[in-house]
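Scroll down for the structure; my scribbles are underneath it.
Every read-out reported here was derived from the displayed coordinates using simple, explicitly stated rules and does not represent laboratory data. What you see is a predicted model; the values in this text were computed from it and never measured. We place every Cβ from the backbone using ideal geometry, glycine too, and count neighbours over all the protein chains shown.
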Amino acid sequence: MLPERVTAALRGVPGPVCAYVYDTSVLRERVAAVRAAVPEGATVLYAVKANGTPGVVAALAEVADGLEVASGGELELAVRAGARHIAFSGPAKTDEELGAAIAAGATVNVESLLELRRLAALAGTAPAQAPPVRIALRVNRAGPTLPGSHRMTGVPTPFGLDISALDEAVALVRGQPRLDPVGFHLHAVSNNLDAPAHAAFIADALDWSRRAADRYGLRLREVNVGGGFGIDHTGMAHFDLGALRGALPGDVPLVFELGRFLATPAGWYAAEVLDLKRNHGRWFAVLRGGTHHFRLPAAWGYSHPFTVLPVPDWRYGFDRPEVRDVAVDAVGELCTPRDVLTRGQRVDRLRVGDVLVFGNAGGYGWDISHHDFLRHEYPRIVVI
Ligand SMILES: *Cc1c(COP(=O)(O)O)cnc(C)c1O
């Protein structure tokens with residue numbers, strides 16, 4: 001169940017084991033699979049916020065067409081990783097960040113009228129020979145709705161231009177020779193597992209973009225349909241890339257910005273069992289680690305499955321604590337009852353000193369966690 005490459009990497013980690021392992025060969029496979037499913041000429045970007053580990057970002061900068069960033073820090077990381085193309089999103093860009101985006105030649109996904117005015121002013125101060133700044137207008141359209149979480153459009157959110165602001169945005173862009181409007185940005189949702197629904201959303205986004213571009217007399221050069229391809233962290237369901245193949249129109253170049261779908265299956269979080277205890281009738285495996293490293297299950301309120309990596313060594317002269325054929329809760333080292341990664345997973349055998357390995361931990365794992373709560377040592381980060 002655990003790839004040999006991953007267990008080999010974990011064997012090199014000194015105990016008590018606490019580590020993330022990221023496998024770049026999985027990252028490459030994920031990008032290749034997406035490319036095979038989307039129309040030729042589509043741009044596949046990696047959304048850095050899913051996992052900003054430099055080794056992960058560097059691998060994806062190489063195999064994807066570029067990187068999508070949402071802060072000055074991510075932009076810097078993308079520039080250092082040598083990304084061929086950078087798209088810059090986010091509703092709170094500072095002048096400094098916009099300036100850095102211009103200097104990096106990024107495409108700016110414009111989120112508000114004020115941002116557009118500020119960007120135009122900054123672009124106006126760039127050297128005369130600098131190319132115009134590529135912009136995509138991010139629009140919060142009404143519908144269509146997609147399953148998934150973190151909906152960003154069709155509902156009130158701080159993301160993108162309200163549809164009622166679009167006339168003014170286009171009028172503003174028209175008066176700005178230093179801005180080059182390439183199309184629209186329509187990222188809608190995260191973690192959608194329904195691929196046919198996603199294909200319909202993309203077709204609709206393209207249709208809407210064509211009509212809007214016609215209405216405004218804009219030459220539509222790309223439509224950024226964002227990210228949102230989902231992963232079921234429990235491994236039960238899959239986003240079926242096959243449902244996209246042949247189902248997406250190829251007449252306007254599409255841009256994808258995928259985070260979770262590329263990064264999540266490429267990561268494993270491993271934590272050694274420090275204690276096994278029974279309390280009010282429930283078994284707890286207490287780990288060297290927890291939700292301050294891997295917050296996702298607690299944040300989303302689900303139970304993340306683990307695999308037991310048996311470790312033969314036992315260094316004490318007394319009996320090694322062990323349970324057989326019981327359900328255990330995998331809990332962390334934090335002094336809060338919410339530090340729970342897994343509830344009630346059956347184990348054949350589990351001993352203190354064994355390591356629990358949580359797959360599908362490469363996206364929104366370490367990066368969204370509250371690392372410094374209780375000041376425990378950070379996990380090792382191993383990129384293979
Ligand atoms: C978070 C985000 C993404 C990536 O979303 P995933 O669900 O990880 O694919 C892409 N684009 C924008 C603008 C985002 O905010």
> What residue among 285, 370, 125 has its Cα farthest toward the positive end of the dipole of the chain, where the charges are +1 on Lys, Arg and -1 on Asp, Glu, each on the Cβ?
Replying inline: 285
>> Given a Förster distance of 30 Å, report the FRET efficiency between residue 219 and residue 94 from their Cβ-Cβ distance, rounded to the nearest 0.05.
In response: 0.50
>> So if I restrict to the alpha-carbon atoms in segment 215-314, what is the Rg, and what is Dmax, the biggest pairwise distance, in Å?
In response: 21.2, 73
> Considering only DSSP states other than H, G, I, E and B, which chymotrypsin sites (Phe, Trp or Tyr not before Pro) in segment 317-382 qualify as loop sites with at most 15 other Cβ atoms within 10 Å?
Replying inline: 318, 373
>> Compute a Gaussian network model of the chain, connecting alpha carbons closer than 10 Å, and tell me which residue from 138, 118, 282 fluctuates the most.
In response: 282
> Taking the Cα centre of the chain as origin and charging only Cβ (+1 Lys, Arg; -1 Asp, Glu), how large is the dipole, in debye to the nearest 20?
Replying inline: 220
> Where in segment 347-374 is the amide nitrogen less than 19 Å from a point lying 7 Å along the Cα-to-Cβ axis of residue 11?
Replying inline: 353-358
>> What would the Debye equation give as log₁₀ I(q)/I(0) for segment 265-383 at q = 0.14, 0.18, 0.23, 0.24 Å⁻¹, counting only Cα atoms as equal point scatterers?
In response: -0.55, -0.91, -1.42, -1.52
> Using the Kirkwood formula over every pair of different C-alpha atoms, what hydrodynamic radius in Å results for segment 172-222?
Replying inline: 12.6
> Dividing the alpha-carbon radius of gyration of segment 97-140 by 2.2 N^0.38 Å (N being the number of residues), what value is obtained?
Replying inline: 1.08
>> How much of the pair distance distribution for the chain lies past 38 Å, counting alpha-carbon pairs only, in percent?
In response: 26
> segment 29-91 to segment 174-235: how many Å between their Cα centroids?
Replying inline: 17
> In a GNM of the chain with a 10 Å cut-off on Cα contacts, which of 22, 316, 216 has the highest mean-square fluctuation?
Replying inline: 316
>> Taking only complete DSSP H runs, can you tell me which helices of the chain stretch 15 Å or more along their own long axis by Cα positions and average at least -1.0 on the Kyte-Doolittle scale?
In response: 24-37, 113-124, 195-216
> Taking R0 as 41 Å, what's the FRET efficiency between residue 4 and residue 210 from their Cβ-Cβ distance, rounded to 0.05?
Replying inline: 0.25
> In segment 314-384, which trypsin sites (Lys or Arg not before Pro) fall in coil by DSSP and have 12 or fewer other Cβ atoms within 10 Å?
Replying inline: 315, 338, 375
>> I'd like the trypsin sites (Lys or Arg not before Pro) in segment 155-218 restricted to DSSP loop residues with at most 15 other Cβ atoms within 10 Å, sorted by number.
In response: none
